[in-house]
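What follows is calculated from the coordinates using simple rules that are stated; it is not laboratory data. This one's a predicted model, so the numbers in the text were calculated from it and none came from an experiment. Note: ideal-geometry Cβ built from the backbone for every residue, glycine included; neighbour counts use all protein chains shown.
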Amino acid sequence: MPASKTKKTGKTITIDAKGVYYRELNHSIRTALKAGGKEFHLKNINGQRYIGDGLVGRDVRITIDGVPGNDLGAFMDGPTIVVNSNAQDGISNTMNDGKIIIHGDAGDVLGYGMRGGKLFVRGDVGYRVGIHMKEFKAKIPVIIAGGVAGDFLGEYMAGGILILLGEKKKNEMMVGDYLGTGMHGGVIYLKYSDDIKEDRLGKEVAVMELDDADNKVLDKLLKEYCQDFRMDYDKTRQQRFVKLKPVSHRPYGKLYAY
Amino acid sequence: MSWRYEKDISGCGLAGIINTRRELINGKVIMKSIALQHDRGNGLGGGFAAYGIYPDYKDHYAFHVMFEHEKCRHEFEHYLKINYQIDREELIPTRTHPKVPTHPILWRYFVTIKPDRPDLKEDEIGDQDFIVKTVMHVNLNIDGAYVFSSGKNMGVFKGVGYPEDIGEFFCLENYDAYIWTAHNRFPTNTPGWWGGAHPFALLEWTIVHNGEISSYGINKRYLEMFHYTCSLMTDTEVVAYLLDLLLRKHNLPRELALKALSASFWKDIDKMDKRERTMFTAIRQVYGSAALNGPFAILIGHNNGLIGINDRIKLRPLVAARKQDTYYLASEESSIREVCPEPERIWHPKAGEPVIIDLEKEVK
């Protein structure tokens, strides 16, 4: 297994990760961080797991060329990661703060137990996105996906904001089955579509129209999203959105009571 | 206080490659693809299936057999000689490998069935049924002998180790195939032993599987009614036999057989139009005991193609890609890009919806 080749030009630390084992790679990043490095450019990434995991610091920025492996940015607390291609499963797992921007599609179980920070995906996302996201006071995690989503979007969601812009590349459903199943907190904003069907919703949620407060939230977040992906904000924002909210914050409160 | 906590966080890994025009792909390619998923396994099982590797013996059944000792090899060969014409027999070529310290005796036999085999007097069954009977008999009754591959012009290579090491051990760089599947094992409920590595195979069917089949008990007892005996102590074994039963014996259309395994939910059947509803209701009723419960992503290899399928709520990952006539299936996109950096199309199959890729018809 080749060692990672680290090179410093100006402020940016470039690492050629071709064939480098993930432990080696992540060790190189941590070593450079300790030495005061803030800007990273990871080249030739393919499948290396756990990139950015547990890293701290809002001024740290990691740009990735290639497809990073699972659990990208897990437990991350502050840094920004930009992925210039697709990404895999388990991104933003239990992430606390920071931002991850994926320019392609992303896989399953994104934002598992996420408690803060942002995950922006330009393309499609897989199954169980936003599963058990949570929030506390001002700490509200956000996931925005530009494409379509698989089944169990927002499953067991306890807090946070999930936005699906629902742009389709082909004839397909914008959103999967079991939408918001077990959801008991937070909110999902969806582009309005016939694909949102009553019999594909979790029984804990209902579809509602937006109020002023919702519109303000969307204004702010979509502006940021469109800026990051150089998209037309007005066009994106003018689409009709609906929201999905839990009808009870304790759906199973009485399950074992009687 | 300083402490160090290390846990293997893992799931099995799958990879499959097929060239629909039967252009041959070297074993190094699939080894490279599955090696990228190293951390999905834990070194307790790796294996490969290869189709098109024995063109000189393409009308022979190729038995790959593992023996725990010489005595069972003699017992097996005695049985074989009575029933089969053996046209070639040899040790499966292997190399000394530091990561594969011990292994059973590995032998392969290229055989045809004797037209006057003794069992015909009592039980008139066809050739393929007789192969199945042989595999079941050997695996159950010849202590220490296991037939782990029994198809034509194909073969399984597997053992205890990481797949990249098992591949090197079996010298897979010397094989070219038009369909490959590979598996990196992380055993959960069942032992990590040579016979328990994937693929599981019967006749042309081979299975690599990531997940758990919690319906194993029901499936196993159901298969016993049709004289399939599970003797390899691993849940995935049932899938190989179920495919043989549904596709070869019962001659179900492929899509329906796969729907029997990854059964539609009743709530979705209720929404179908009458014709479909009747058919899917019948499938669930007749093949209730063949349904696989639990999380799975599976790759199925057979003489005419490659199939990938998930459980109906996609509890295990599966990615597909295409570049010209070559298709790829894997647990992770990076595993595909390792051997095909720029596919024309890359997609995530939906839960319970199979990806079916067939070879083009052979031009004679």
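Under 13 Å from a label point 7 Å along Cα→Cβ of B:ASP56: give me every residue in segment B:131-175 with its amide N that close.
No residues fall inside that zone.
Per residue of chain A, what 222 nm ellipticity follows from adding -39500 (n - 2.57) for every DSSP H run with n ≥ 4, rounded to the nearest 500?
That calculation yields -4500 deg cm²/dmol at 222 nm.
Could you compute the FRET efficiency for A:GLU172 and B:HIS74, with r as their C-beta to C-beta distance and R0 at 60 Å, rounded to 0.05?
0.55
Identify the residues of segment B:274-291 with backbone N under 13 Å of a label point that sits 7 angstrom from the Cα of A:ASP199 along the Cα-to-Cβ direction, or state none.
Zone members listed by number: B:274, B:277.
So if a site counts as exposed when it's one of the GluC sites (Glu not before Pro), its DSSP state isn't H, G, I, E or B, and it has at most 13 other Cβ atoms within 10 Å, what's the longest stretch of chain A without one?
Values: sites that count: A:GLU172, A:GLU209.
With a cap of 13 other Cβ atoms within 10 Å, the longest stretch comes to A:1-171.
Going by the alpha-carbon gyration tensor, a ≥ b ≥ c the square roots of its eigenvalues, is segment B:172-251 rounded (a/c under 1.5) or, if a/c is not under 1.5, prolate (a/b greater than b/c) versus oblate? It would help to have the intermediate numbers written out before the result.
Values: a/c = 2.25, a/b = 1.24, b/c = 1.82.
Verdict is oblate for segment B:172-251.
What does the extension gain come out to for B:ASN293 and B:THR278, with contour length at 0.36 nm per residue minus their alpha carbon separation?
Between B:ASN293 and B:THR278, full extension yields an extra 3.2 nm.
Any idea what the relative contact order of segment A:105-246 is, in percent, if you count C-alpha pairs under 8 Å spaced at least 6 apart?
Once normalised by length, the contact order is 19 percent.
Students often check this: by mean Cβ neighbours within 10 Å, which of B:105-113, A:146-154, B:190-198 ranks highest, and how do the rest follow? The partial results should precede the final answer.
Numbers: B:105-113: 18.9, A:146-154: 25.9, B:190-198: 21.1.
Output ranking for B:105-113, A:146-154, B:190-198: A:146-154, B:190-198, B:105-113.
Return the distance in nm (one decimal) between the two label points of a simple spin-label model at B:ASN304 and B:GLU362, each offset 7 Å from Cα along Cα→Cβ.
Label-label distance for B:ASN304 and B:GLU362, simple model: 1.3 nm.
Could I have the simple spin-label model distance between A:ARG23 and A:LYS137, label points 7 Å from Cα toward Cβ, reported in nm to one decimal?
According to this spin-label approximation, the distance is 4.0 nm.
Need one number: % antiparallel among DSSP beta bridges in the protein assembly as shown, to the nearest 5. Kindly include the intermediate steps, with their values, before the conclusion.
Values: 85 of 125 bridges.
Roughly 70 percent of the beta bridges in the protein assembly as shown run antiparallel, per DSSP.
So what is Rg over Rh here for the protein assembly as shown, counting just Cα atoms and using Kirkwood for Rh?
Working: Rg = 26.2 Å, Rh = 26.0 Å.
Rg/Rh: 1.01.
Taking every DSSP beta bridge that has both residues in segment A:128-258, what percent is antiparallel when rounded to the nearest 5?
Here the antiparallel bridges make up roughly 45 percent for segment A:128-258.
May I ask you to compute the full-extension gain from B:ASP87 to B:LYS133, defined as 0.36 nm times their residue separation minus their alpha-carbon distance, rounded to one decimal in nm?
Answer, rounded to one decimal: 14.5 nm.
As an exercise, use a Förster radius of 22 Å and the Cβ-Cβ distance of A:THR14 and B:LYS32 to find the FRET efficiency, rounded to the nearest 0.05.
In this case the efficiency is close to 0.30.
Within 10 Å of each Cβ in B:308-315, how many Cβ atoms from other chains are there, averaged over the peptide?
3
Once the piece of chain linking B:CYS171 and B:ARG21 is laid out straight, how much longer is it, given 0.36 nm per residue of separation minus the C-alpha distance between them?
Difference between extended and current length: 51.5 nm.
Longer than 32 Å from Cα to Cα, which of A:LYS11/A:LYS118; B:LYS32/B:LYS267; A:LYS139/A:LYS243; B:LYS249/B:LYS350 are they? Say none if no pair is.
Too far apart for the 32 Å limit: B:LYS32/B:LYS267.
Pull out a ≥ b ≥ c, the square roots of the eigenvalues of the alpha-carbon gyration tensor of chain B, then state rounded if a/c is under 1.5, prolate if not and a/b is larger than b/c, and oblate in the remaining case. Numbers along the way, then the final one.
Details: a/c = 1.39, a/b = 1.10, b/c = 1.26.
It comes out rounded by the Cα gyration axes.
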